[in-house]
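Accompanying notes for the structure given below.
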Amino acid sequence: MLYHAYELTHAALAPMKALCEVQKSLTDAGLNPWIGTPGGRMADAAVRWFDGVTKRYGRPDWGITEAPPKMEMSTAFCDLAHFEAPGCDKRPKVLLVAPLSGHYPTLVRGTAQAMLKDHDVYVTDWHDARLVPVAQGEFGLSSFIDTCIEFMRHLGPDLHVIAVCQPAVPVLAAVAHMAALEDPCQPKSMMLMGGPIDARINPTPANEMVRAHDLAWFEQSVISRVPVPHPGAMRQVYPGFVQLSGFLFKNLDRHIDAQVKYFDHLVAGDGSSAEQHRSFYEEFLAVMDLPAAFFLETIETVFQDFSLARGSMTHKGLTIDPGKIKKTRLMTVEGGNDDICPPGQTLAAHDLCSGLPKSRKAHYLHPKVGHYGVFNGSRWRADIAPRVAAFIAGAAKP
């Protein structure tokens with residue numbers, strides 16, 4: 001019912017939004033005679049602010065003009081996107097596994113851009129679950145592992161895999177599973193960045209909250225069925241708008257302050273500041289539905305049972321044992337100010353990968369970055385990306 005109420009709310013707002021579009025069009029066309037007055041500017045600012053906070057933001061563009069992504073292959077829940085830059089076939093091949101955690105894969109746009117210069121970059125471009133028909137079946141944590149393995153086999157053995165945040169666990173599990181099978185397409189290296197390999201270490205308030213509730217609570221509180229007329233109608237999902245409410249309430253004061261400043265910038269005619277606000281929130285407010293099975297299984301396996309860290313995680317009847325990894329080098333990256341995946345949770349992969357000597361492992365802790373700074377922003381570009389590139393270059397050597 002929650003999802004249906006959300007859709008009805010948007011339907012009820014449709015007439016007001018249509019009037020806003022008319023008002024914006026008149027102003028943009030220079031046909032609003034009051035726009036030069038204080039009252040006219042405030043009215044126009046109110047219209048644009050209302051439009052911004054009630055808008056349903058769609059999938060953002062990658063915006064990487066130097067190498068627009070092309071679909072390499074496709075599954076029901078994910079495309080393998082290839083940033084086909086000139087000369088890319090002569091560079092080390094990198095699979096960037098983006099989070100399936102609410103925001104669209106374009107969240108790792110900055111990660112991909114920094115890697116493009118010296119690497120042949122592929123990215124997991126996850127689909128919005130509300131657009132996947134129920135006939136395509138369920139998608140759980142095991143399906144995520146299978147997708148990673150399928151893409152790694154497609155790209156071949158001369159591959160380097162980067163897992164950003166949440167995918168650290170399924171990527172490590174996928175590589176360990178391939179090692180147990182002695183798969184010839186085991187990647188040359190894997191970089192795990194800000195991922196909860198062992199969420200028992202330095203637990204955050206969010207970690208504690210997850211442990212305080214059972215799966216039935218999560219299923220009753222946040223899981224809904226996609227309503228008609230979406231292609232995925234009747235699929236069980238963790239809706240994007242529910243996730244977004246959590247993102248917003250985590251820093252509610254900051255977001256309210258940003259909206260007030262945005263209104264002031266519009267009234268003052270400060271187009272540059274208003275555009276910066278719009279650009280940020282167009283990405284931040286664009287969210288996708290997650291398959292319910294994947295969300296619930298991740299909660300249980302990663303944040304409640306700690307199955308990978310405890311050695312009890314299985315895939316297709318085999319126990320996941322990272323100690324069997326012998327051919328794939330390991331690098332972990334953490335942020336000293338990460339309040340989502342604190343220092344130590346990703347580093348735990350080193351103890352699990354006991355079959356690798358220290359010479360085939362590396363760890364970097366950036367003392368000044370938070371969670372998103374691990375894979376985006378100026379410090380990622382200046383401090384972290386060069387270290388990742390150097391590690392890949394070393395792993396690429398015979």
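The values are calculated or read from the model by the stated rules, or taken from the named source; none is laboratory data. Bear in mind the structure is a predicted one, so any value in this text is a computation, not a measurement. Cβ placement follows ideal geometry from the backbone for every residue including glycine, while neighbour counts extend to all protein chains displayed.
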If you take the residues in the stretch 51-109 that are of a type in the set (Lys, Arg) and closer than 24 Å to Tyr238 by Cβ, which one is modelled with the lowest pLDDT?
Lys55
Output for the stretch 126-181, where each listed residue is more than 11 Å from Val97 (Cα to Cα) and among the polar types (S, T, N, Q):
Gln136, Ser142, Ser143
Please list, ordered by residue number, the strands (runs of 3 or more DSSP E) wholly in the stretch 158-276 having 3 or more residues that are at pLDDT 95 or above and surrounded by 22 or more Cβ atoms within 10 Å (Cβ to Cβ).
159-164, 189-193
Counting only residues in the stretch 1-47 that are at pLDDT 70 or above and charged (D, E, K, R), the one farthest from the chain's Cα centre (by Cα) is identified as Arg41
Please indicate, with yes or no, whether at least one residue in the stretch 91-106 is among the basic types (Lys, Arg), in contact (Cβ under 8 Å) with a residue 24 or more places away in the chain and surrounded by fewer than 20 Cβ atoms within 10 Å (Cβ to Cβ).
yes
The number of residues in the stretch 352-398 that are in contact with a helix residue (DSSP H, G or I) (Cβ under 9 Å, 6 or more places away or on another chain), surrounded by fewer than 15 Cβ atoms within 10 Å (Cβ to Cβ) and more than 26 Å from Pro105 (Cα to Cα) is 2
What are the residues in the stretch 56-71 that are more than 14 Å from Pro105 (Cβ to Cβ) and touching a helix residue (DSSP H, G or I) at 6+ places or on another chain (Cβ under 8 Å), if any?
Arg56, Tyr57, Glu66, Ala67
Residues (in contact with a Gly (Cβ under 7 Å, 6 or more places away or on another chain) and among the basic types (Lys, Arg)) located in the stretch 331-387:
Lys368, Arg379
Given the options Asp125, Asp183, name the one that is touching a Cys at 6+ places or on another chain (Cβ under 7 Å) and among the acidic types (Asp, Glu).
Asp125
